[in-house]
Amino acid sequence: MGIKVNGKVIVETYRNEIKSFIKDGVSKGLRVPSIKTILVGEDGGSLSYVKSQNNLCNKLGISYTCIHLDKHANQKDIVDIIEKFNEDDSVDGIILQLPLPKNLDEKEITSKIAYNKDIDGLTDVNLGRFYKGEKSFIPCTALGVIEMIKNTGCVIKGKHAVVIGRSNIVGKPSAQLLLNEDATVTICHSKTLNLKEICKTADILVAAIGKPGFVKSDFIKEGAVVIDVGTTMINDKVTGDVCFDEVIEHASYVTPVPGGTGLMTTTMLIKNACSAWRDNVY
């Protein structure tokens, strides 16, 4: 029987550090950090994420504003808002909630965010620097994945890590961060042959495919660390990619959904925002 990873306990340490960092800056006469979020449409996951961002910013003393646009908003309107925030020195971080409605060019709009305010790590500049090993903002969920693994006490170096999913915001950056920690990494996806057999060789398994309950007990190597990144809404309930009750019988550690990587994602986003604020005002 494995251990359920308590995300609430883990993030509390990071959040206390962030709160102290902001308090110290404000005590020196600096303004508070400022984040602007742009939300287009009514995607359930995005609405939930924006709510958690707002709640956390209020707790930590960060100025937070969400610009909520109708799903029929045109591309120019969104780009105009982004460019306005780019030029505003009082704005430290800009978040574009994804996914966007299908009529919009997600890549083109994302590219308009100033790289030094791109706290989600989505622009070509930040992604390029990240994969080259240079200073950059790193996608927040991937950062959260690595921190969750480390907090289990697992030594990543030399381990075989399998990442299910190859998205630019979770799968690929998670794999790169695992490589940076000297793991041997395999990336699996919808076209992978013998996927179950590959997963069963993993010392560390990261599930990030958005298929509720996809990873079952027969995917798991005894004693593996399993990180569930899935956040699919089913009957108004957030559901992960991992069958938690099954998998925990074989894994050493499993992250729950909710209460796992979602908490870490929001916390890493705010941590990135504080880095942008530091570079902007110090």
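The values are calculated or read from the model by the stated rules, or taken from the named source; none is laboratory data. Because the structure is predicted, anything quoted here is derived from the model rather than measured. Note: ideal-geometry Cβ built from the backbone for every residue, glycine included; neighbour counts use all protein chains shown.
One line per residue, one yes/no per condition, for (1) on the phi < 0 side of the Ramachandran plot; (2) surrounded by fewer than 24 Cβ atoms within 10 Å (Cβ to Cβ):
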position	(1), (2)
Lys157	yes, yes
Ile169	yes, yes
Asp182	no, yes
Ser190	yes, yes
Leu193	yes, yes
Ala207	yes, no
Phe214	yes, yes
Conditions: (1) assigned by TED's automatic domain parsing to the domain that holds Val145; (2) more than 18 Å from Val170 (Cβ to Cβ). Asp279 meets all but one. Number of the miss?
-> (1)
Of all strands (runs of 3 or more DSSP E) completely enclosed by the range 212-282, which ones contain at least 3 residues that are among the β-branched types (Val, Ile, Thr) and modelled with pLDDT of 95 or more?
-> 225-228
From the set of residues in the range 184-211 that are in a strand (DSSP E or B) and free of Cβ contacts under 8 Å to residues at least 40 places away in the same chain, which is farthest from Cys243 (Cα to Cα)?
-> Thr184
Subset of the range 227-243, residues without any contact (Cβ under 8 Å) to a residue 60 or more places away in the chain and hydrophobic (A, V, I, L, M, F, W, C), comes to Ile234, Val242, Cys243
Select from the range 125-183 the residues that are in contact with an Asp or Glu (Cβ under 9 Å, 6 or more places away or on another chain), assigned to a helix (DSSP H, G or I) and touching a residue at least 60 places away in the same chain (Cβ under 8 Å) and write down the one among them that is nearest to Pro256 (Cα to Cα).
-> Ile149
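This table checks each residue for (1) at pLDDT 95 or above; (2) crowded, with 19+ Cβ neighbours inside 10 Å; (3) among the small types (Gly, Ala, Ser).
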| position | (1), (2), (3) |
| --- | --- |
| Tyr49 | no, yes, no |
| Gln53 | yes, yes, no |
| Asn58 | yes, no, no |
| Lys84 | yes, no, no |
| Gly93 | yes, yes, yes |
| Asn116 | yes, no, no |
Name, by its number, the condition in (1) over 18 Å from Asp245 (Cβ atoms); (2) surrounded by 18 or more Cβ atoms within 10 Å (Cβ to Cβ) that does not hold for Val226.
-> (1)
